[in-house]
1. Return the total of residues in the stretch 125-166 being of a type in the set (A, V, I, L, M, F, W, C), part of a loop (DSSP other than H, G, I, E, B) and crowded, with 16+ Cβ neighbours inside 10 Å.
2. If the requirement is being modelled with pLDDT under 90 and either assigned by TED's automatic domain parsing to the domain that holds H348 or part of a helix (DSSP H, G or I) (or both), which of these qualifies: S95, S90?
3. Among the residues of the stretch 124-133, are any farther than 23 Å from P347 by Cα and modelled with pLDDT of 90 or more?
4. For the stretch 107-124, enumerate the residues that are crowded, with 17+ Cβ neighbours inside 10 Å, out of contact with any Phe, Trp or Tyr (no Cβ under 6 Å at 6 or more places or on another chain) and under 22 Å from R39 (Cβ atoms).
5. Condition first: farther than 28 Å from I67 by Cα and assigned to a loop (DSSP other than H, G, I, E, B). Now tell me which residues in the stretch 364-411 satisfy that.
6. Going through the stretch 367-392 one residue at a time, which ones are modelled with pLDDT under 85, surrounded by fewer than 18 Cβ atoms within 10 Å (Cβ to Cβ) and within 26 Å of V151 (Cβ to Cβ)?
7. Of all residues being in contact with a His (Cβ under 8 Å, 6 or more places away or on another chain) and assigned by TED's automatic domain parsing to the domain that holds G257 in the stretch 285-338, which is farthest from I47 (Cα to Cα)? Just the residue, please.
8. Name the pairs: first residue in the stretch 391-411 and in contact (Cβ under 8 Å) with a residue 24 or more places away in the chain, second residue part of a helix (DSSP H, G or I), Cβ to Cβ under 6 Å, at least 6 apart or on different chains?
Amino acid sequence: MWILHDDVVVFKAPEKEGDPTVITVNCPDKLGLACDLCRILLFFGFIISRVDFATDGRWCYIVLWVIGKPETKWGLVKKRLVGACPSCYSASGISYYREEFLKPPRSPDVFLVKLCCHDRRGLLHDITEVLCELELNIQRVKVSTTPDGRVLDLFFVTDTRELLHTKKRQEDTKDHLRETLGDAVICDIEKVGPEVTACSQSSSFLPSVITDETFNCVIPDKHHNGTSLTNSVSIMLDNSLSPSHTLVQIVCRDYRGLLYDLMRTFKDYNIQISYGRGTTKQKNCEIDLFIVQADGKKIVDPNKQNALRSRLFKELARPFKVAVVSRGPDTELLVANPVELSGRGRPHVFYDVTLALKMLNLCIFSAEIGRHVIEHRECEVYRFLLQEGECLSVPRKKIEEMVWNTLMGWE
């Protein structure tokens, strides 16, 4: 089977304002393809309202109904989606589970963006917004404020376009930062090795409130009176409806990135989705998926069923951990979320948290991103030390509510 390169990903514009754009992906299958596509859509800020999956293990057909932003760069989105799809020649006589498909991708080069300028409210979010618009993925952050009101920001980033090693790309990045921060900003960009990023790791100590397994089962959502997500998540596994597949039925409250969390879980478990369908109605999501294991068989072992159900439940009932705690005399905001086994973190978390703090008119004294093992899983942990004078006027519960609602995409 051959298919034109331009037909791998096809966009169908909405018929009327407010309707979703339909994205069709028609290409060879690979392990975790749906996860990779959903991650790209999450990176560009799309809301997925409906999805259909179908694959025979070698070729897949995926349809997504998405709602984007007015400023969405559709040509760039298509380029990224096509880049995530395997080449068409790979479907010719190549097994779905051959070793080359299971190898993780090459680790991207890491660059250090150093910024020095005068501090102000919302500064960190404004910098983050520029980096996101330039498709620079933030891997690590070190932010500190000096007594004279200046900040030194260290951003360890990777470049989606893989051009940051060029002088033109670096100058373009600096120009965009100067447009936002002013000409007085001092900016430098350099490629760094693993020994530098290792030295940038955050403190190994984490408060128990963020590592407690029972923490944050109740989401502080002001519009739903603290509704417990654990009570709104239903997950059923059924082997009676198909001779060759296990049916997974999920009903839960919708949130931004839900489909990515599901697909990431199946990717980490080496599970293939042969057919699936999901829709969102009145803020609730209903998903039916027919799945098989890496050996092509259904899941019949009760222990494996329970492990998968438990993992899915945790992902949907508690996609993030958020806490505002005392750190000596200071106040610290902590946000934690799991990363893929491949090592890739969730997109836009740093952007969303800094946006929430900007809307609360809070200043950030220091910030850092680190990797920690929580509940036997690697997580990215974001730590923000808030300026005590301002945060005393905002209740901790309100800070947690705003951060939660921003991360979840709830109004």
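The values are calculated or read from the model by the stated rules, or taken from the named source; none is laboratory data. Bear in mind the structure is a predicted one, so any value in this text is a computation, not a measurement. Note that each Cβ is placed from the backbone with ideal geometry, even for glycine, and that neighbours are counted across all protein chains shown.
1. 2
2. It is S90.
3. no
4. F111
5. E375, H376, Q387, L392, S393, V394, P395
6. Q387, E388, G389, E390, L392
7. My answer is K298.
8. Hits for this filter: M402/A356; V403/V353; V403/A356; T406/D352; T406/L355; T406/A356; L407/D352.
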